[in-house]
1. For Val7 and Asp176, what is the calculated FRET efficiency with R₀ set at 35 Å and r taken between the beta-carbons, to the nearest 0.05?
2. Beyond 30 Å between alpha-carbons counts as too far, so tell me which of Lys54/Lys78; Lys78/Lys188; Lys188/Lys223; Lys356/Lys378; Lys11/Lys37 fall in that bin.
3. What FRET efficiency comes out for the pair Leu352/Arg110, r = Cβ-Cβ distance, R0 = 56 Å, nearest 0.05?
4. Say each of Glu319 and Tyr290 gets a label point 7 Å from the Cα, pointing the same way as Cα to Cβ; how far apart are those two points in nm?
5. Identify which of Arg380, Arg227, Arg50 has the largest mean-square fluctuation in a Gaussian network model of the chain, with springs joining Cα atoms closer than 10 Å.
6. Hey, could you get me the Stokes-Einstein D for the stretch 116-160, Kirkwood radius over alpha-carbon pairs, 20 °C and 1.002 mPa s, rounded to whole µm² s⁻¹?
7. Expressed as an acute angle from 0 to 90° and rounded to the nearest 10, what is the orientation of the C-alpha long axis of helix 86-103 relative to the principal long axis of the chain?
8. Please compute the length gained on full extension between Tyr155 and Lys330, using 0.36 nm multiplied by the number of residues separating them and subtracting their Cα-Cα distance.
Amino acid sequence: MYEEPRVRLAKALRRDGVPDPVWDSLLARDLIQDYEKGEFELEYLVDQTRIQLKAYKQTLAEANVRGSTGTGTTNSSKEVKPELGAYEKNRAEVLGEHVALRASLDSRVRYFRKVVLGGELLTPEQALAFVRSAANQCFDIAWFIERQIPVREHYSHVYSDGWAIDEDGLECRFDDIYVDPPGEGFRKVTYEPLDFSHRDILNVRYLEEIPVEVGSVLDVLRKVSGRLAENSGRAWGEAEAARFVLTGEAMPVVALAGHIETFSRDEMGRGTITLTAEPWVPAETVLRYYREMQKEVLEGRDNRPLSARSLALFGFVTEQAKNAVPEVEKPDYEAFCDGNGEVDVVPSEDELQAPKLIGRPSWRALQQGWNQRCSDPKWRYEDVRNFRRAFLNVASVMLRPPYGDPRLLPYWRSRTLP
């Protein structure tokens, strides 16, 4: 559907295609549909798409910054949904109904529904439109009341955003937002935070993660949901609480949840599995869930435990390398001062260079030291090449465990002693 205007749009933008997230955003805002109806020319659609492409590129850049702190460094996080048994599902649902009963009596929930939702709950489709509203993300409740704009029944989108200098010479960022009714554009100016990526995030179960401005309609929802989650003893998370506030849907309590994180740095990487379980969840269910997550991390790769000999070898070589680390120099505080009495303690590029190890032992010296220390002849190495290979093998498992990217496996094979 709408393939022809997508091709036409890509051609006008001089691109090979329109990215799926950008295209989905255009569809969600009915821009493609309205263009097909002839409500505006292609030039307007091209301008709107450029704005979406800019936001899309910024989102990708922010994701890269969050996932990388330097060359060769990556992080990743992944949720794995548990498979609950009949008992766990039933208990979670029954308890969720009771949490919903208590939440329906919460004074802040009732006030939000009264003032913002007009005393009526939203359908899931209406809830999605509600949280996607750029006006709800940026403006407070009083702004809507002053202009007699219905908070729950309007359409809005950002048609321009960026940074500016105000009349007082202060830097700020802005969002130009179209709101219908009344069919006009409004500007939201924000001074803090200046970075778009530093806004608070509203999570709504089964919907989306929405960035919100401080004091906006959705920021109030975020706070109400957070308080509701706390009052439920975290039986609900903020995402489940937010969905209940909007739709009245009783969500099952979060009986069992978990996520996987992997971290890769220049010198080492690791992974973690985090589980959160209600104490009444049977141990076998938790164990089965953990094994599923572990399988997700390992992706079928070998997970055999290292031998005592391998661990001892890794510890021995690390100890020898530690002995070669140079001592920290004594500071020359006079060198930090210039002729005007100003103190500059910002490190130079030379200061930030990694120091070289002093008197680093050779592989043969390490082999000989290891053999002298070992009381068990079976732990000794007669060939220095086998000794080096054994260390590099255990180092690859300890420092570069195969979580996620198999290209990381050869890392230690080409490394010398640290």
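Bear in mind these aren't lab numbers, they're just calculated from the coordinates by the rules spelled out. All values reported here derive from a predicted model rather than from experimental measurement. All Cβ positions, glycine included, derive from the backbone under ideal geometry; neighbour counts span all protein chains shown.
1. Numbers: r = 29 Å, r/R0 = 0.82.
The computed FRET efficiency comes out at 0.75.
2. On the way: Lys54/Lys78 26 Å; Lys78/Lys188 34 Å; Lys188/Lys223 21 Å; Lys356/Lys378 34 Å; Lys11/Lys37 20 Å.
With Cα atoms farther than 30 Å apart: Lys78/Lys188; Lys356/Lys378.
3. On the way: r = 57 Å, r/R0 = 1.01.
The formula returns an efficiency of 0.50 here.
4. Computed distance between label sites Glu319 and Tyr290 equals 3.1 nm.
5. Arg380
6. Result for D is 195 µm²/s.
7. Approximately 50 degrees, to the nearest ten.
8. Numbers: separation 175, 0.36 × 175 = 63.00 nm, distance 6.48 nm.
Extra length available between Tyr155 and Lys330 comes to 56.5 nm.
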